[in-house]
C-alpha cells in the first residue's frame, strides 16, 4: 500500500507546489493514515559545489525551531530527491554514520547502535530522480522507502529524533540546509 501511495504522490500534480532546481516540491503530502503533512522547509544539499539532493521536511504540526520539531509527537517525513547522477550505498552510509556521530550524545549513540546498523543496511545506490522517504509514524517507527520500495522500519521516536538531528543538530550536514528546513513561518 505504501508503495502505491508513494507512487501516487510522486506522479500526482500538487495543487500547491514550489520549484527547487527544476523539481516541484509539494506543500502538502498525505500519509497512509490519511493525515496531511505540511512542508516545514526545503533546500538543496550541496557538497564541493555539486547539488546532491533536495531535502524536504514535512510535519503534522510545523515548527521553526529544532526544539519544536523534536517535541512534535505526530507524523513527519524527510524526503530526499536526488539531483546527482549516482550516489553509492557506501557514500550514503558514510554520511549517516558521520551525521549520527556528530549530532548524538555518545551514550545515546550506544543505545541506538543496533537500530542505526539496521537502518544503514537498508540502503542501496541511488540515481538522479530517485527519492528516499524517511517517514516517521509514531505507531510504527521510521519507514524507509527508496525509489518507491519500502526497505524496512526502524522503531522508536528516539531513533527518528537522532536521524533528524543529522540535518538539524549542532553539527548539521549543512548550516544553510538546516536554516531552509526550519524556514516554516505561520
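All of the numbers you see were taken from the coordinates with simple rules; none came from a lab. No experiment lies behind these values; they were computed from the predicted model shown. Quick reminder, even Gly has a Cβ in these numbers, built from the backbone with ideal geometry, and neighbours come from all protein chains shown.
Please give the Cα centre distance for the stretch 142-176 versus the stretch 81-97, rounded to the nearest Å.
14
Classify the stretch 15-89: rounded, prolate or oblate, from the alpha-carbon gyration tensor (a ≥ b ≥ c, eigenvalue square roots; a/c under 1.5 rounded; otherwise prolate if a/b is larger than b/c)?
Prolate shape, in that a/c is at least 1.5 and a/b is the bigger ratio.
Take the alpha carbon gyration tensor of the stretch 84-186, find the square roots of its eigenvalues, order them as a ≥ b ≥ c, and report rounded if a/c is under 1.5; if not, report prolate when a/b exceeds b/c, else oblate.
The shape class here is rounded.
Using only the Cα atoms of the chain, build the gyration tensor, take square roots of its eigenvalues as a ≥ b ≥ c, and label the shape rounded, prolate or oblate: rounded if a/c is under 1.5, else prolate if a/b is larger than b/c, else oblate.
rounded
Which whole-number percent is the relative contact order of the stretch 1-150 (Cα, under 8 Å, 6+ apart)?
Once divided by the residue count of the stretch 1-150, the mean separation gives 19 percent.
In nm, to one decimal, how far is the residue 94 label point from the residue 24 one, both placed 7 Å along Cα→Cβ?
3.6
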